[in-house]
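The values are calculated or read from the model by the stated rules, or taken from the named source; none is laboratory data. Note that this is a predicted model, so its numbers are computed, not measured. A quick note on method: Cβ atoms are made from the backbone with ideal geometry, for glycine too, and the neighbour counts reach across all protein chains shown.
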Amino acid sequence: MKKKERSGTINPIFTCQPAGAQYVSIGVENCIGIVHGGQGCVMFVRLLFAQHFKENFLLASSSLHEDTAVLGATHRIEEAVDVLLMRYPEVKVVPIISTCSTEIIGDDVEGVIRKLENGLLKEKYADREVHLISISTPSFKGSMVSGYDIAVRDFVRKFATKNEPNEKINLITGWVNPGDVTALKHLLKEMDVDANVLFETESFDSPLMPKGDAVSYGGTTIKDLESTGDAIGTIVLNRYEGKLAADFLETEFEIPSIIGPTPIGIRNTDAFLNNLKKMTGKPIPESLVRERGVAIDALTDLVHMFFADKKVAIFGNPDLVIGLAEFCIDLEMKPVLLLLGDDNVNYSRDPRIKEFEEKVEFEMEIIENADLWDLEKRIKNGDIELDLIIGHSKGRFIAIDNDIPMLRVGFPVYDRAGYYRHPIVGYAGATWLAEEMANVLFTDMEYKKNKEWILNVW
């Protein structure tokens, strides 16, 4: 485990905290977030979402300018809430997401919300159900990962209530794709487990309908969020993308929680199903045992012949990177470089990283607060030789310039079609990941004429 060797960032892996909060907000039904800052704080995040999903998402801005940066901008929140509620009569949830500029000038967002609740909402929107949430995400610290974590906690803290036990579990998915949510819901259905899925993003893949285009929005409802306080337990798939909410529910409502592992690969999916079994008492059905067998058969066709000793670099969200590294090790590959794009002090204490330090028998570097220059520099200096790069599309030019095959995984992926539809979690995700890695390597073998004849006799 190493820290970045220099100050400054060249080609960042992550964007800022408000982006994570905005991703949470688009996962909630009848919700439009107001980003309290300059217009770019929304525009560039919406661009990333649109690039990744090829869909449009509704997000609003309080649209600060020079005068408000000097004199304060709380009146812009009041105006933004009023305009948003007038324009969108179906909106019920309005998170107010702060940014670096509004945190620096010290705008009292919670005070403005109290003023609006006692004034505008009672006077002008008394017949409407409207919930305002303050989400503090200064973008001069943390990243989109920590912003996501904060926003999940704040949504749960706003709505969770204690009534009657509902025999549900809370499943906090973390920053995943629609295909992952579909795969997770499939596992829950096979286990006969009812869950509050936070956040429900299956509907992001919006259809074009005869009567007009459908708008992309999330499917997690206010009722789902309220019932998190009555669940029998919480399972958080990603340690850094939901643990704050689980800790709140455990402290406030005595709801037990299980953190991870991210169900990437066979053994981590096994652990996820066993955690479901432990929490609910439901048995693992034969149908999932068969799915597991099909996945193992698919991996067996590839592992020793094509994956053994292949050296891999992985970058992206920390839970994703660690889960992919564990999977690569199970496939006999060598993840020699892991890049984590912020300086979370908990990384060095992560039990999964501790396990790497104790058990990995090859040289592995894990760089915190890393950027993509850390990857490019090591390649150009000859510090590492790579057979494969795994990460999101922001690293594509490093792969192209250095003639190294790359599998796109994570957020954002905008230079490959439809990747958000394919899961990387569960047994189906393990199969897809392994076969995509193999296909990327096969294409590289053919392009470089490097033992491509093997594919004729495989």
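Numbers below:
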quantity: Scan of segment 404-430 for residues that are free of Cβ contacts under 8 Å to residues at least 12 places away in the same chain and more than 18 Å from the chain's Cα centre (by Cα), ordered by number; calculated: ALA417
quantity: All positions within segment 112-147 that are of a type in the set (S, T, N, Q) and within 23 Å of GLY37 (Cβ to Cβ); calculated: SER134, SER136, THR137, SER139, SER143, SER146
quantity: Residue, surrounded by the most Cβ atoms within 10 Å (Cβ to Cβ), within segment 44-81, restricted to residues that are part of a helix (DSSP H, G or I) and hydroxyl-bearing (Ser, Thr, Tyr); calculated: THR68
quantity: Which numbered condition VAL91 fails, given (1) farther than 23 Å from VAL24 by Cβ; (2) in contact with a Leu (Cβ under 8 Å, 6 or more places away or on another chain); (3) in a loop (DSSP other than H, G, I, E, B); calculated: (1)
quantity: Meets criteria (in contact (Cβ under 8 Å) with a residue 12 or more places away in the chain, more than 29 Å from ASN346 (Cα to Cα) and within 20 Å of the chain's Cα centre (by Cα)) for PHE49; calculated: no
quantity: Residues located in segment 167-212, provided they are buried (at least 24 other Cβ atoms within 10 Å of the Cβ) and of a type in the set (S, T, N, Q); calculated: ASN170, THR173, ASN177, ASN196, THR201
quantity: Of all residues making up segment 402-458, the number that are out of contact with any strand residue (DSSP E or B) (no Cβ under 7 Å at 6 or more places or on another chain), of a type outside the set (Ser, Thr, Tyr) and under 17 Å from THR262 (Cβ atoms); calculated: 12
quantity: Residue match in segment 13-27 (condition: surrounded by fewer than 18 Cβ atoms within 10 Å (Cβ to Cβ) and of a type outside the set (Ser, Thr, Tyr)); calculated: no
quantity: Condition met for LYS282 (within 27 Å of ILE329 (Cα to Cα), surrounded by fewer than 24 Cβ atoms within 10 Å (Cβ to Cβ) and basic (Lys, Arg)); calculated: no
quantity: Any helices (runs of 4 or more DSSP H) falling wholly within segment 219-316 and containing at least 2 residues that are within 23 Å of the chain's Cα centre (by Cα); calculated: 222-226, 243-253, 266-280
quantity: Tally, over segment 327-343, of residues that are buried (at least 20 other Cβ atoms within 10 Å of the Cβ) and either modelled with pLDDT under 95 or of a type in the set (Phe, Trp, Tyr) (or both); calculated: 3
quantity: Search result, residues across segment 297-318 that are surrounded by 15 or more Cβ atoms within 10 Å (Cβ to Cβ) and of a type in the set (A, V, I, L, M, F, W, C); calculated: ALA298, LEU299, LEU302, VAL303, PHE306, PHE307, VAL312, ALA313, ILE314, PHE315
quantity: Hits in segment 52-75 (condition: hydrophobic (A, V, I, L, M, F, W, C) and touching a residue at least 40 places away in the same chain (Cβ under 8 Å)); calculated: PHE53, PHE57, LEU58
quantity: Segment 134-193, residues that are assigned to a loop (DSSP other than H, G, I, E, B), over 19 Å from VAL24 (Cα atoms) and touching a Lys or Arg at 6+ places or on another chain (Cβ under 9 Å); calculated: ASP192, VAL193
